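Structure first, commentary second.
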Amino acid sequence: MVSTLAGATSGGIADGTGSAARFFNPRGIAVDAGGNVYVADTGSHTIRKIDVNGTVGTIAGHASSVGAADGPGSSARFSSPTGISVDGQGNLYVADLGNGTIRKITPNGSVTTLAGNPGPQLAQQMGPEMQPNSTAPIR
């Protein structure tokens, strides 16, 4: 049996409980030892948490604000995060596709860049069709 943990068939960006929450192109998920689910919400450029009660909250990044800034919670910026994992201490590791970096989020919400150099050099290497939210045709 398949059931929906959170969100609905209509996309969007909203924190909330159950079907009141909305995701915008979620790509990666990870589950911690306590049963919390973490989501790399690629389209909103955020990292979201679904707690054991089904409540969705944004723990890092700011909806639709693209960037590469490290910092606490909503001050941090991502560019199309796609993959996510969690370790035994509750640290999250995020593959930030648009920035070409690996990011770490500590349990207190602090975001740092572990590897890679975000910036325009990546955009130039990737080409227009690989830019986040691009409408360019793929070559």
Residues of segment 61-95 satisfying the condition of being part of a strand (DSSP E or B), among the small types (G, A, S) and open to solvent by 30 Å² or more (accessible area, probe 1.4 Å): S85, A95
Any hit, segment 46-62, residues being within 12 Å of the chain's Cα centre (by Cα), modelled with pLDDT under 95, farther than 18 Å from T101 by Cβ and of a type outside the set (D, E): no
Failed item, numbered, when A30 is tested on (1) within 23 Å of G90 (Cβ to Cβ); (2) over 10 Å from the mean Cα position of the chain (by Cα); (3) modelled with pLDDT under 95: (3)
Given (1) within 12 Å of the chain's Cα centre (by Cα); (2) open to solvent by 50 Å² or more (accessible area, probe 1.4 Å); (3) among the hydrophobic types (A, V, I, L, M, F, W, C), index of the condition A20 fails: (1)
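Is it true that A33 is in contact with a helix residue (DSSP H, G or I) (Cβ under 8 Å, 6 or more places away or on another chain) and open to solvent by 30 Å² or more (accessible area, probe 1.4 Å)?
On the way: in contact with a helix residue (DSSP H, G or I) (Cβ under 8 Å, 6 or more places away or on another chain): no; open to solvent by 30 Å² or more (accessible area, probe 1.4 Å): yes.
Criteria not met by A33.
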First in segment 5-25 and of a type in the set (S, T, N, Q) and modelled with pLDDT of 90 or more, second anywhere and surrounded by 14 or more Cβ atoms within 10 Å (Cβ to Cβ) and outside any loop (DSSP other than H, G, I, E, B), Cβ under 9 Å, 6 or more apart: T17/T55; T17/V56; N25/D41; N25/T42; N25/G43; N25/S44
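Per-residue answers, yes or no, for (1) assigned to a loop (DSSP other than H, G, I, E, B); (2) open to solvent by 80 Å² or more (accessible area, probe 1.4 Å); (3) closer than 22 Å to P118 by Cα:
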| position | (1), (2), (3) |
| --- | --- |
| M1 | yes, yes, no |
| T4 | yes, yes, no |
| A8 | yes, no, no |
| A40 | no, no, yes |
| R48 | no, no, yes |
| V52 | yes, yes, no |
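The values are calculated or read from the model by the stated rules, or taken from the named source; none is laboratory data. Here the structure is a predicted model, which is why all the values come from computation and not from measurement. Cβ coordinates were reconstructed from backbone atoms using ideal geometry, including for glycine residues, and neighbour counts include every protein chain displayed. Each accessible area value is taken on the protein alone, full model and side chains, heavy atoms only, with ligands, DNA and RNA left out. Shrake-Rupley method; radii C 1.70, N 1.55, O 1.52, S 1.80 Å.
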